[in-house]
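So the structure is just underneath, and the comments pick up after that.
The values are calculated or read from the model by the stated rules, or taken from the named source; none is laboratory data. What you are looking at is a predicted structure, and each value in this text was computed from that prediction instead of being measured. Here the Cβ positions follow ideal geometry from the backbone for every residue, glycine too, while neighbour counts run over all protein chains shown. When the accessible area is computed, the model is the full protein with side chains, heavy atoms only, and any ligands, DNA or RNA have been set aside. Shrake-Rupley method; radii C 1.70, N 1.55, O 1.52, S 1.80 Å.
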Amino acid sequence: MNEEQRKHTSINILDERDKKAAKKETKDYSKYFEHVYQPPSLKEAKKRGKETIKYNDDFQIEEKYRNMGKGKTFLIKTYGCQMNAHDTEVMGGILSALGFEATDDINTADVILINTCAIRENAENKVFSEIGNLKHLKKERPETLIGVCGCMSQEESVVNKILKSYQNVDMIFGTHNIHRLPQILEEAYLAKAMVVEVWSKEGDVIENLPKVRAGNIKAWVNIMYGCDKFCTYCIVPFTRGKERSRRPEDIIDEVRDLARQGYQEITLLGQNVNSYGKDIDGLDYGLGDLLEDISKIDIPRVRFTTSHPWDFTDRMIDVIANGGNIVPHIHLPVQSGNNQVLKIMGRKYTRESYLALVNSIKEAIPNVALTTDIIVGYPNETAEQFEETLSLYDEVEFEHAYTYIYSQRDGTPAAKMKDNVPQDVKKERLQILNKKVGYYSEKAMSQYEGATVNVLCEGTSKKDDTVLSGYTEKNKLVNFKAPKSMIGKIVKVKIDEAKQYSLNGTFIEETNKAVVTH
Ligand code: SAH
Ligand code: SF4
Ligand code: F3S
């Protein structure tokens, strides 16, 4: 740990007496801590220093920790995005290296980690109700360690609430220090009291972290961490820190290794993958270059997410248009179709520039599938402004969209805006938008009827285990009957029936080598 990180690190241990005292308070817990107390600070997290990121290749599990989990089990519940799910794979890797075994049974797990998401209020509410549900479990099995990690842990209001009302939690740690899980667990076991370790400043980029991936067909690969965009509604730049790109060679090595292991699909992950490489001094290498290098690796499908429309380059379009293993599916969150709303969201593009980008993409990649994210009910959004979101949707004809009602996040600039849009109007706008999403999804799906598509077969349907399912290159869910031996393979399926959000088809044959069709 370097000095800067140490400054922002807090390991706080509450004894029972302190806990009782802390319970009475809502805000300042510092007086109850014998140790240095520095809660997560959104203000600190907002700062962007000039210091260069160091790459740490030396991660290893210390000998003394290797048997910590012998005979014990763990369970991690994931509430967030793909990045959050990938963090779960890393924590699973670390716990396995400590000797713990994974379990699905929450009632017998010795360590339970709740990997949280802070993106919207309802995501947070789900987590609080889950932690509340664990109260009786902790009473019955006090030796169970319960940890809260992920993006919510980076918020001081959340940490305060847990300290006040959720004494059943043993550890709180943030997104920047999951590699310190062995030490955090040791503290929690030794102290038998709440341990809080949250860094408000991002750490270095740590390579060589062990991972236990959720499957052996598809894999996530982080290409960068953090976000510097600071869209005015968004908590992510606070919870994930500044943009830090992994070195190209480390990413390429990881992808090669996944290809060797037989993975069929990878998704390159970052909050804004288009910024890839910009933070590495002297590196003239961006996402376009990375995609091109990865397209030479023998892995059938490569996806990337998420692309901010602002710095989507022609070079990227060219590389995707060249095909190979880069799938013709681009998730391009637009958020709103109105310039004034886009401006106050801090998105840094206009309706016109977004549409121009969409046109360039469609010209270069005629078969492209575009999907998006949209927020309705931004503070003071007018009916006319919302109409512009609808008309933009009609112009682009997105094949799918994730749609949300704006949720106020403490500490973000939007949280300070007055809002005159009633909640029921927001709900109504969401319904109207979702109808449109359904309409265009159905339209896109109907074009598949009679066509033959390549499907990466992922498993059996929950209802009928002779029915297999998987996704096309453009991420359409396909159900079909085929032998189970096809799981993990890319197969040809003829589409018989298109539904609004999925396709039903007839299995034709296994493909020898999947070639992405443009
Ligand atoms: N980095 C990605 C977004 C990650 S969050 C990007 O910029 O494309 C995923 C989506 O959640 C966002 O695109 C946005 O539509 C939504 N979102 C983020 N903050 C939100 C908030 N405060 N309220 C409602 N939706 C939000
Ligand atoms: Fe949030 Fe904007 Fe960063 Fe996406 S680009 S994570 S919406 S701040
Ligand atoms: Fe949620 Fe954090 Fe991902 S806030 S969306 S888990 S980066």
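Values computed for the structure shown
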| quantity | calculated |
| --- | --- |
| Residue within region 293-306 that is over 27 Å from Val491 (Cα atoms) and either small (Gly, Ala, Ser) or more than 16 Å from ligand 1 (Cβ to nearest atom) (or both) present | no |
| Residue ID - nearest to the chain's Cα centre (by Cα), chosen from residues in region 99-141 that are within 16 Å of ligand 1 (Cβ to nearest atom) and in a loop (DSSP other than H, G, I, E, B) | Cys117 |
| Ile223 vs. criteria open to solvent by 20 Å² or more (accessible area, probe 1.4 Å) and in contact with a strand residue (DSSP E or B) (Cβ under 7 Å, 6 or more places away or on another chain) | no |
| All positions within region 134-185 that are among the aromatic types (Phe, Trp, Tyr) and either within 16 Å of ligand 3 (Cβ to nearest atom) or open to solvent by 40 Å² or more (accessible area, probe 1.4 Å) (or both) | Phe173 |
| Of residues in region 200-220 being of a type in the set (Asp, Glu) and open to solvent by less than 30 Å² (accessible area, probe 1.4 Å), the one nearest to ligand 2 (Cβ to nearest atom) | Glu202 |
| Hits in region 279-314 - residues which are modelled with pLDDT of 95 or more, of a type in the set (A, V, I, L, M, F, W, C) and under 26 Å from Met345 (Cα atoms) | Leu287, Phe304 |
| Condition met for Val453 (open to solvent by less than 60 Å² (accessible area, probe 1.4 Å), within 25 Å of Asn325 (Cα to Cα), β-branched (Val, Ile, Thr) and more than 16 Å from ligand 3 (Cβ to nearest atom)) | yes |
| Unmet requirement for Tyr276, which otherwise passes all of (1) within 16 Å of ligand 3 (Cβ to nearest atom); (2) at pLDDT 95 or above | (1) |
| Hits in region 301-341 (condition: away from ligand 2 (no atom under 12 Å from the Cβ), in a helix (DSSP H, G or I) and out of contact with any His (no Cβ under 8 Å at 6 or more places or on another chain)) | Asp314, Arg315, Met316, Ile317, Asp318, Val319, Ile320, Asn339, Gln340, Val341 |
| Residue in region 447-462 that is among the basic types (Lys, Arg), in a strand (DSSP E or B) and either over 30 Å from Lys296 (Cβ atoms) or in contact with a Cys (Cβ under 6 Å, 6 or more places away or on another chain) (or both) present | no |
| Only one of Asp257, Asp250 that is of a type outside the set (Phe, Trp, Tyr) and touching a residue at least 40 places away in the same chain (Cβ under 8 Å) | Asp250 |
| Residues of region 87-138 satisfying the condition of being without any contact (Cβ under 8 Å) to a residue 24 or more places away in the chain and not small (Gly, Ala, Ser) | Asn125, Asn133, His136 |
| All positions within region 408-446 that are within 16 Å of ligand 2 (Cβ to nearest atom) and either assigned to a helix (DSSP H, G or I) or open to solvent by 80 Å² or more (accessible area, probe 1.4 Å) (or both) | Gln408, Asp410, Pro413, Ala414, Ala415 |
| Any hit, region 317-337, residues being touching a strand residue (DSSP E or B) at 6+ places or on another chain (Cβ under 7 Å), farther than 25 Å from Gly277 by Cα and open to solvent by less than 10 Å² (accessible area, probe 1.4 Å) | yes |
| Pair list, Cβ under 6 Å, 6 or more apart: region 65-79 residue open to solvent by 80 Å² or more (accessible area, probe 1.4 Å), other residue away from ligand 3 (no atom under 13 Å from the Cβ) and outside any strand (DSSP E or B) | Asn67/Gly99; Lys70/Gly99 |
| Residue in region 291-303 that is under 30 Å from Glu388 (Cα atoms) and away from ligand 3 (no atom under 16 Å from the Cβ) present | yes |
| Among (1) within 30 Å of Leu342 (Cβ to Cβ); (2) more than 12 Å from ligand 3 (Cβ to nearest atom); (3) out of contact with any Asp or Glu (no Cβ under 9 Å at 6 or more places or on another chain), the one test that Asp228 misses | (3) |
| Residues satisfying the stated conditions in region 81-98, i.e. open to solvent by 30 Å² or more (accessible area, probe 1.4 Å) and either part of a loop (DSSP other than H, G, I, E, B) or farther than 29 Å from Tyr402 by Cα (or both) | Cys81, Ser96, Ala97 |
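Yes/no per residue for (1) within 16 Å of ligand 1 (Cβ to nearest atom); (2) β-branched (Val, Ile, Thr); (3) over 14 Å from Arg213 (Cα atoms):
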position	(1), (2), (3)
Pro248	no, no, yes
Ile252	no, yes, yes
Tyr263	no, no, no
Leu268	yes, no, yes
Asn274	yes, no, yes
Lys278	yes, no, yes
